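Colleague: One structure is given below, represented as C-alpha cells, and several questions about it will come after.
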Amino acid sequence: MKPRRPLLPLHSTLREAYDSSAFRAFGHDLVDRLADHLEDSVGRQRPSSYPVGTPQEELAFWKAFMARSGSREEAIQAVLERSNQLHDPRYMGHQVAVPFPQEAMLGALTDLLNNGQAIYEMGPTNATLEHLLLNQVGQALGLAEECGGVLCHGGTLGNLVALLAAQRKLGLRLDQDPWRHGIRQSDPFVVLVSQQAHYCVDRAVRIMGWGPDAVVLVNTDANHRMDVADLAHQARKQRKEGRQLLAVVGCACTTSTGAYDPLQDIAEWAQGEDVWFHVDGAHGAPAGFSDTHKHLVRGMSLADSVVLDFHKVCGLPALLTGVLYRDGLESFLPFVQEAEYLWERADGQDWWDTGKRTFECTKRMLSTRLATAMFDGGLDKWGHLVDRLWSLAEVFADEVESRPAWELAMAPQANIVCFRPSVAVPDDHLLTRLRARHLKDGASYVVATRLNGEAWLRCTFMNPLTEREDMQTMLDEFECWMAQD
Ligand SMILES: Cc1ncc(COP(=O)(O)O)c(C=O)c1O
C-alpha cells in the first residue's frame, strides 16, 4: 500500500494572517489612521497637497526604507504622508476621483470577499448586480430600455472593448469576421475622432492592428469641439480611397480642455452613414446625471456605445469603468471565446457569464462597488457632484479673467480649465520655471499641458470641497513667483 504523505503543518504566519481578532484590531487601528488623515487633508493641515519630491528623491527614500527593513506600520504611515493628498481642497491637478471616504472603505468588503468574476459561479452577486445596474445607469443617461453593458478596469480598456464591438459588427456585415479570420489589411478600416481625443483611442486602433494611419483626426473649432463638416469631409475622403469606416468617436469631454463634441450632430451623421457611434465619456458622461448640465451630452443617448469612468467624476476609487451599449446584446460582439473549463458555448449570450464580454477573466467586484454607491443615492449624488465641480471651474475662469496677469484658453465647458500668464509672446520656459517652483514650494497642485503646440497650465476640479479662496491663493502664489522670476 502506498504510504500516506504527512500534511505540512500550517505555518504560524499563515495562521496569524487569517486570525479574525487580529484582523478586527488591525482594521480599527487603520480606520482611525485613515480618519485622522482625512481630517488633516480636508482641513488643509499639511504644507502641500502635493508632498512628493523628484523621482530620484522618492527612489532614495524607499531604497533607504527597504535597506533598514521598515515595518508595515511605518510603510502605511509613509504612504499616507508621501502620496498625493487628493482630499486636500488645494489639489486641482489630475482627473482622478477624490473618493467618497465610505466608498473607499467598502474596498475592504470587496477585497475580503474577492469573488473574482468571469462566470456566474465565481461571483453570483457581482454578475447579477452588473447586469441590473448597467441597464439602470444607461437608462439614466437616456439610452434605450434594452441598453446594457459590462464593467471593466479603466477607460483605456473600455474604449478598446467598444471599438472591438464596432469592428466586429462591421466585419460581419462585410463577411470578414475579424474574430474568426483576423483583420484583412487589404480592406482597411479607419476610426474618425477629434484631434483632441485621449491617446487611448489611437492606442486601441493600433492594438487592433490597423496602424497609425487608421486614426483619422477630424478638425476642431475654436472651442476644441469636433467640426462635423470636416467629419463628413474626412469620411468621404476615406471612403473614396477605399477604406471602411469602423466608427466615429465623440469626446464627452476631451481630456485637455474639457470640450464636449456636438454629439447630437455626430449621432445624426453616423445614423445617416450607418457608422458605429462611440462616445468616450470617460471623464464627462456623468454630466448626464445633472439636470443643469445634461444638455452637454445631448445625442449621447443615440450612441451605439459609451464609456464612463466612475473613478473620475463619480467619486469612486479606481478603477471602475462602464462600457454601455444602446443595445445590450451588442456587448457580446467583441469576443467569442471557447473556454470549456468555464462555459459550455462560446456564442451563448448569457448575461451572467461576464467573462464572455470583457477582456478580463478574473476581475474585481466592480459591480458591488457600483451598487453600494448607487444604493447610497448615487445618481443624485453624482448630479450634485457634477454641479459643484462645474461651478468651481466657472468661478475659477472668472477669477482668471478678472486678473490682468492671466489669460484663459477658453471658457470651460466642464471642470477643466487651461490658463497661463498673459505675456505678449507665449513663453514656454517661463511656464516650465513656474511649474517647477509650484511643485517644490506650492501649497496647491495644478498640471501643465500643451494646446496647439503652446504650453498652458491646467486645473481639473475634482474635489467638491475646494473653495474660491483656494484658487485665489494658488494664483497669488504663481504671481509672487512671476514677480521674482
Ligand atoms: C477622455 C478620456 N478617455 C479615456 C481616458 C483613459 O481612462 P483610464 O485612465 O481610466 O484608462 C481618460 C483619462 O484621463 C480620458 O480623460
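The values are calculated or read from the model by the stated rules, or taken from the named source; none is laboratory data. Note that the coordinates shown come from a computational prediction; the quantities given were computed from them, not determined experimentally. Methodologically, a virtual Cβ is constructed for each residue, glycine included, from the backbone with ideal geometry; neighbour enumeration extends over all protein chains shown.
Yes/no per residue for (1) touching a Cys at 6+ places or on another chain (Cβ under 7 Å); (2) assigned to a helix (DSSP H, G or I); (3) under 30 Å from Gly93 (Cα atoms); (4) among the polar types (S, T, N, Q):
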position: Arg206; (1), (2), (3), (4): no, yes, yes, no
position: Gly209; (1), (2), (3), (4): no, no, no, no
position: Asn223; (1), (2), (3), (4): no, no, yes, yes
position: Leu231; (1), (2), (3), (4): no, yes, no, no
position: Val248; (1), (2), (3), (4): no, no, yes, no
position: Ile266; (1), (2), (3), (4): no, yes, no, no
position: Trp269; (1), (2), (3), (4): no, yes, no, no
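Colleague: When only residues in the range 329-358 that are closer than 25 Å to Gln176 by Cβ and of a type in the set (Gly, Ala, Ser) count, which is surrounded by the fewest Cβ atoms within 10 Å (Cβ to Cβ)? Don't jump to the end; show me each part of the working.
Modeller: First, pick out the residues of the range 329-358 that are closer than 25 Å to Gln176 by Cβ: 329-339, 345-349, 356-358.
Adding the requirement that they be of a type in the set (Gly, Ala, Ser) leaves 331, 339, 346, 348.
Numbers: Ser331: 26, Ala339: 14, Ala346: 13, Gly348: 10.
Step by step, filter the range 329-358, then rank; the result is Gly348.
Colleague: Another question, if that's okay. Only one of Ser402, Ser391 is within 25 Å of His198 (Cβ to Cβ) and modelled with pLDDT of 95 or more; which?
Modeller: Numbers: Ser402 fails: within 25 Å of His198 (Cβ to Cβ).
Only one candidate passes the filter, namely Ser391.
Colleague: Go through the range 351-369 and report how many residues are under 15 Å from Tyr325 (Cβ atoms), among the charged types (D, E, K, R) and part of a loop (DSSP other than H, G, I, E, B). Full working, then the answer.
Modeller: Kept after step one, since they are under 15 Å from Tyr325 (Cβ atoms), are these residues of the range 351-369: 351, 354, 356-358.
Checking the rest, the ones that are also among the charged types (D, E, K, R) come to 356-357.
In the following step, the residues that additionally are part of a loop (DSSP other than H, G, I, E, B) were identified as 357.
Of the residues in the range 351-369, 1 are under 15 Å from Tyr325 (Cβ atoms), among the charged types (D, E, K, R) and part of a loop (DSSP other than H, G, I, E, B).
Colleague: Identify the residue in the range 36-59 that is of a type in the set (A, V, I, L, M, F, W, C) and surrounded by 12 or more Cβ atoms within 10 Å (Cβ to Cβ) and, among all such residues, is farthest from Met92 (Cα to Cα).
Modeller: At the first step, the residues of the range 36-59 found to be of a type in the set (A, V, I, L, M, F, W, C) are 38, 42, 52, 59.
With surrounded by 12 or more Cβ atoms within 10 Å (Cβ to Cβ) added as a condition, the list becomes 38, 42, 52.
Numbers: Leu38: 17, Val42: 13, Val52: 15 Å.
Selected residue: Leu38.
Colleague: Restricting the search to the range 375-409, which residues are closer than 24 Å to Asp221 by Cβ, surrounded by fewer than 17 Cβ atoms within 10 Å (Cβ to Cβ) and not acidic (Asp, Glu)?
Modeller: none
Colleague: What pairs come up if the first residue lies in the range 22-36 and is within 17 Å of Gln85 (Cα to Cα), the second is in a helix (DSSP H, G or I), and their beta carbons are under 6 Å apart, counting only those six or more places apart or on different chains?
Modeller: none
Colleague: Restrict the check to the range 280-287 and report whether at least one residue is over 20 Å from Ser256 (Cα atoms), modelled with pLDDT of 95 or more and part of a loop (DSSP other than H, G, I, E, B). Steps first, please.
Modeller: Step one: of the range 280-287, the residues over 20 Å from Ser256 (Cα atoms) are none.
Scanning the range 280-287, I find no residue that is over 20 Å from Ser256 (Cα atoms), modelled with pLDDT of 95 or more and part of a loop (DSSP other than H, G, I, E, B), so the answer is no.
Colleague: Which numbered condition in (1) more than 24 Å from Gly154 (Cα to Cα); (2) free of Cβ contacts under 8 Å to residues at least 24 places away in the same chain is the only one that Val218 fails?
Modeller: Every listed condition holds for Val218 apart from (2).
Colleague: Among the residues of the range 42-61, count how many are part of a helix (DSSP H, G or I) and more than 23 Å from Ala436 (Cα to Cα). Give the steps one after another, and end with the answer.
Modeller: Filtering the range 42-61 down to residues part of a helix (DSSP H, G or I) leaves 42, 55-61.
Imposing the further condition that a residue be more than 23 Å from Ala436 (Cα to Cα) reduces the set to 42.
Residues meeting the conditions: 1.
Colleague: Moving to a separate point now. Pick from Ser305, Ser391: which is farther than 22 Å from Asn115 by Cα and touching a Phe, Trp or Tyr at 6+ places or on another chain (Cβ under 6 Å)? Working first, answer last.
Modeller: Details: Ser391 fails: touching a Phe, Trp or Tyr at 6+ places or on another chain (Cβ under 6 Å).
None of the other options fit; the residue is Ser305.
Colleague: Would you mind stating whether Val307 is within 20 Å of Gln102 (Cα to Cα), crowded, with 23+ Cβ neighbours inside 10 Å and of a type outside the set (Gly, Ala, Ser)? Outline the logic, then answer.
Modeller: On the way: within 20 Å of Gln102 (Cα to Cα): no; crowded, with 23+ Cβ neighbours inside 10 Å: yes; of a type outside the set (Gly, Ala, Ser): yes.
In short, no.
Colleague: Right, something else. Condition test on Cys251, is it in contact with a Ser or Thr (Cβ under 6 Å, 6 or more places away or on another chain), within 13 Å of the ligand (Cβ to nearest atom) and either closer than 30 Å to Glu454 by Cα or modelled with pLDDT of 95 or more (or both)?
Modeller: For Cys251, the condition - in contact with a Ser or Thr (Cβ under 6 Å, 6 or more places away or on another chain), within 13 Å of the ligand (Cβ to nearest atom) and either closer than 30 Å to Glu454 by Cα or modelled with pLDDT of 95 or more (or both) - is met.
Colleague: While we're looking at this one, here's another question. If you take the residues of the range 202-224 that are among the aliphatic types (A, V, I, L, M) and more than 21 Å from Glu273 (Cα to Cα), which of them is surrounded by the fewest Cβ atoms within 10 Å (Cβ to Cβ)?
Modeller: Going through the range 202-224, the residues among the aliphatic types (A, V, I, L, M) turn out to be 204-205, 207-208, 214-218, 222.
Then drop every residue that is not more than 21 Å from Glu273 (Cα to Cα), which leaves 204, 207-208, 222.
Numbers: Ala204: 23, Ile207: 12, Met208: 19, Ala222: 6.
So, considering only residues that are among the aliphatic types (A, V, I, L, M) and more than 21 Å from Glu273 (Cα to Cα), the one surrounded by the fewest Cβ atoms within 10 Å (Cβ to Cβ) is Ala222.
Colleague: Could we say that Gly328 is of a type in the set (Gly, Ala, Ser), modelled with pLDDT under 95 and in the same structural domain as Cys253 (by TED's automatic domain parsing) here?
Modeller: Numbers: of a type in the set (Gly, Ala, Ser): yes; modelled with pLDDT under 95: no; in the same structural domain as Cys253 (by TED's automatic domain parsing): yes.
It is false that Gly328 is of a type in the set (Gly, Ala, Ser), modelled with pLDDT under 95 and in the same structural domain as Cys253 (by TED's automatic domain parsing).
Colleague: Something else: Based on what the data block shows, is Thr156 among the hydroxyl-bearing types (Ser, Thr, Tyr), more than 20 Å from Gly442 (Cβ to Cβ) and in contact with a His (Cβ under 9 Å, 6 or more places away or on another chain)?
Modeller: yes
Colleague: When you scan the range 264-280, do you find a residue that is under 21 Å from the mean Cα position of the chain (by Cα), among the aromatic types (Phe, Trp, Tyr) and within 12 Å of the ligand (Cβ to nearest atom), even just one?
Modeller: Taking the range 264-280 first, the residues under 21 Å from the mean Cα position of the chain (by Cα) are 277-280.
Still in the list and also among the aromatic types (Phe, Trp, Tyr): 277.
Subsequent filtering for residues that are within 12 Å of the ligand (Cβ to nearest atom) retains none.
No; the residues of the range 264-280 include none that is under 21 Å from the mean Cα position of the chain (by Cα), among the aromatic types (Phe, Trp, Tyr) and within 12 Å of the ligand (Cβ to nearest atom).
Colleague: Does Leu86 count as outside any helix (DSSP H, G or I) and within 16 Å of the ligand (Cβ to nearest atom)? Write out each step before concluding.
Modeller: Numbers: outside any helix (DSSP H, G or I): yes; within 16 Å of the ligand (Cβ to nearest atom): yes.
Criteria met by Leu86.
Colleague: Restricting to the range 429-485, give me the number of residues that are surrounded by fewer than 15 Cβ atoms within 10 Å (Cβ to Cβ), closer than 19 Å to Asp398 by Cβ and polar (S, T, N, Q).
Modeller: Final tally of qualifying residues: 1.
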